[in-house]
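A short write-up of the structure that comes next.
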Amino acid sequence: MIELSGIRKAFNQGRDNEYWALDGIDLRIAANQVTALRGPSGSGKTTLLTIVGCLSRPTEGRVRLKGGDISGLPERFLTEIRRQRFGFIFQQFNLIKGLTALDNIILPGYPTGRPRHELLARAEELLVGLKLGHRRDAKVEWLSGGEQQRVAICRALINDPELVIADEPTANLDSHLAGEFMGILESLAGQGRTILLTSHDPLVVESNVVQNVVDMRDGKLIQHR
Amino acid sequence: MKLWIEKQRYLIDFTLASLARRKARNIGLLLVYTLLVFMLASVTLYTHALRQEAARVLVASPEVVVQRMVAGRHDLIPPGYMEKIGRIRGVQTRTARLWGYYYDAVTKANYTFMVPAEDAPAKGEIVVGPALERSRGLAANNGISFRSYSGKLHTFIVAAVLPQATELVSADLVLMSEESFRAFFDYPVGHYTDIALTVANPQEVKNVALKLSAALPDARPILRDEVLRTYAAIFDWREGIVLALFSAAILAFGILAWEKASGLSAEEKREIGILKAIGWETGDVIKMKFWEGMLISLTAFLVGFVAAYVHVFHFAASMFEPVLKGWAVLYPHFQLTPHIDGVQVATLFFFTVFPYAAAVLVPIWKAAITDPDSVMRG
Amino acid sequence: MTRPADRAMIFLGLGGLAFFGCFVDAAWLRAAAVDDDAQRLQMVAQLRLTDLALFTEARYTRHPSQADLHSAFQDHPLAIEHFPTGSLIGPPAGLQKVGAGEMKYPAAGTAP
């Protein structure tokens with residue numbers, strides 16, 4: 001589904017503290033499969049995730065989405081791709097404080113201009129699917145970590161993306177909640193979504209749900225299972 | 001179009017929800033903002049209406065009033081003076097006026113005694129202004145005595161009270177016959193207070209004044225245009241004082257609003273990053289902030305202006321009346337006719353709504369063009 | 001119709017209506033005041049009045065436009081001088097009470 005070729009990414013380019021976070025990545029992310037990027041912190045997995053997710057552009061190299069080159073597209077088109085095709089689950093969840101769970105979930109739908117009742121019905125469906133229907137009107141800061149993550153998952157799915165991107169999804173969860181997350185992940189995979197995540201949690205990368213594990217170190221791939 | 005409207009509704013929803021998060025702070029800001037618009041609008045509406053009132057009422061006053069000066073002081077018009085004016089071309093009518101002031105120790109107020117050129121009351125009768133009706137409890141057919149400057153007591157019968165509608169110009173008038181006036185003030189026979197001239201052609205007024213000064217070097221012509229200008233200046237000056245007093249408040253609010261609107265907190269920056277990451281375009285973020293600025297400033301403007309209008313024209317500007325009109329013992333009661341200057345309202349709108357909307361947008365521009373991947377880091 | 005955005009727009013719409021209502025009300029009040037205006041104009045013309053009866057507290061302020069050349073105050077180089085009246089200071093206590101008894105000090109409007 002996504003092909004990366006010769007991806008390099010520099011931070012602070014041209015300055016004294018220039019630093020190459022990614023140094024020549026060639027990778028194919030298969031459609032309808034769960035792929036995990038594994039590696040120690042600083043290995044460049046989050047940076048790679050931002051490039052795949054169109055949150056940032058590579059300094060060198062090409063990103064192809066379903067065969068089309070998207071690395072040179074202007075910001076507006078990248079935003080549109082992000083909105084329509086990708087759903088993000090951030091490590092810190094990144095929910096907007098002060099809004100209810102429901103309001104947070106429908107946020108990515110705002111720029112689409114979809115009728116509100118449609119968005120709400122979809123959000124309701126997702127919330128109930130993750131057994132969170134009773135918390136729909138709670139402000140997100142009053143939710144527990146696990147509930148917050150499920151809200152974040154609902155938000156990632158509101159625009160019905162093909163690719164779900166999750167950054168260290170179990171880092172802020174205990175083993176029990178992490179187990180629940182893996183259950184959710186399995187059902188997402190079962191719906192035929194492509195999933196890309198980063199993790200160094202054995203619970204994730206050694207689970208049966210994950211079909212591909214990519215090991216990274218110092219901005220390079222070292223092993224491809 | 002429908003899609004566009006739906007999008008704007010979402011953006012407004014979001015901006016309202018984020019305003020609601022700092023409820024106390026934003027409501028406080030809105031209140032201060034509204035109060036400021038209210039005060040500014042009150043002052044401008046009031047002074048403009050008063051200026052208009054003066055200008056409209058005084059267009060009927062004589063084009064030129066001729067005073068005679070003796071040693072730089074206002075003096076009586078001696079007999080034979082009028083005839084000299086008659087020869088000046090352009091003068092349509094000339095009327096010698098008889099009027100003066102009387103200090104009433106009972107009400108501690110000054111009245112204006114005046115002899116009407118036409119339809120003067122009969123001897124021993126007077127017509128009084130509405131303020132006298134109130135302060136001395138006078139009504140038609142009442143008797144009233146005034147002690148003249150020579151010490152004699154004169155008794156008059158009130159023939160009528162001037163209509164309340166004319167109070168703005170007639171509050172303290174006491175109209176009487178020429179005979180009564182001269183007897184009361186011991187006014188020398190053949191002398192007058194001043195002379196009112198009407199000039200048919202407005203372009204001639206200046207020439208008439210020049211010719212008057214040449215023919216009668218001791219005459220001081222007072223032109224109606226000067227009078228109107230004086231009144232405009234009086235109210236401008238009062239408006240200026242009020243605005244000067246407000247300027248500190250305006251400045252303080254300016255700082256507050258700038259601080260609030262332009263200082264983007266780390267929290268807000270993070271939120272913008274999140275919104276961009278989940279698929280909001282830079283334009284959406286800016287539009288959302290634009291709505292925030294518009295909602296606050298439009299609300300403040302509309303509420304402030306409407307409140308000011310009601311305050312000025314339905315509650316007689318009770319808060320600013322003392323400063324803008326001045327006080328007096330015999331104060332006229334009058335209802336200001338609303339004259340609204342569109343340019344003034346537009347100026348007020350421009351200077352209250354736009355700076356705030358702009359102050360909200362400036363920092364957003366910087367924040368909105370930052371990369372969305374910042375939310376993944378840190 | 002319970003969305004915040006709709007409520008805000010309805011509120012602003014009502015505010016806008018009230019704003020234009022002010023102009024309508026002003027026109028209406030002006031129309032209602034036509035008779036009074038005519039009466040005032042007629043009186044000014046008939047009595048050849050030159051001033052508003054706003055500043056009645058002293059004989060030299062009652063007719064600002066007819067004051068002496070060198071009077072107490074001048075607002076503007078082009079304006080005729082007048083006394084600034086009591087804009088910023090309130091009237092002495094008791095002055096406005098009619099018949100409050102003897103004044104201990106002369107009021108601004110005391111006769112010469």
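Here, each number is a calculation from the coordinates, and none is a lab measurement. These numbers come from a predicted model, not from an experiment. Quick reminder, even Gly has a Cβ in these numbers, built from the backbone with ideal geometry, and neighbours come from all protein chains shown.
Some observations on this one:
- Taking other Cβ atoms within 10 Å as a rough exposure proxy, C:MET9, A:MET1, B:MET376 sort from fewest to most as C:MET9, A:MET1, B:MET376.
- Each residue, B:SER145 and A:LYS139, gets one label point 7 Å from its Cα in the Cβ direction; the gap between the two is 7.9 nm.
- Residue by residue along B:168-178, Cβ atoms of other protein chains within 10 Å of the local Cβ number 4 on average.
- In this calculation the C-beta distance from A:ASP16 to A:ARG62 is compared with R0 = 25 Å, giving a FRET efficiency of 0.30.
- Sorting B:ARG25, B:ARG182, B:ARG97 from the fewest to the most surrounding beta carbons within 10 angstrom yields B:ARG25, B:ARG182, B:ARG97.
- Rounded, prolate or oblate (a/c below 1.5 giving rounded, otherwise prolate when a/b exceeds b/c) for region A:114-181 by Cα gyration tensor: oblate
- Mean-position separation - Cα centroids, region B:175-225 and region B:252-289, in angstrom: 69
- Residue-averaged [θ]222 nm for the protein assembly as shown, counting only DSSP H segments that reach four residues, each worth -39500 (n - 2.57): -15000 deg cm²/dmol
- Shape call, region A:2-224: gyration tensor on alpha carbons, a/c limit 1.5: prolate
- Order of B:LEU298, B:LEU45, B:LEU361 - criterion: other Cβ atoms within 10 Å of each residue's Cβ, fewest first: B:LEU361, B:LEU298, B:LEU45
- Extending 7 Å from the Cα toward the beta-carbon at both B:ALA17 and A:HIS176 defines two label points whose distance is 3.0 nm.
- Local charge for A:ASP69 was computed over the other residues whose Cβ lies under 11 Å away, with Lys and Arg +1 and Asp and Glu -1, and equals +2.
- Peptide A:102-115 has a mean shielding of 5, counted as Cβ atoms of other protein chains within 10 Å of each residue's Cβ.
- Average partner coverage of C:12-23, which counts Cβ from other chains inside 10 Å: 5
- Label-point gap, in nm, between C:ALA33 and A:ASN212 - each point 7 angstrom along Cα→Cβ: 8.1
- Relative contact order (percent, whole number), chain B, Cα cutoff 8 Å, 6+ residue spacing: 29
- Modelled label reach - B:ALA159, point 7 Å along Cα→Cβ, region C:3-43 residues with backbone N closer than 18 Å: C:43
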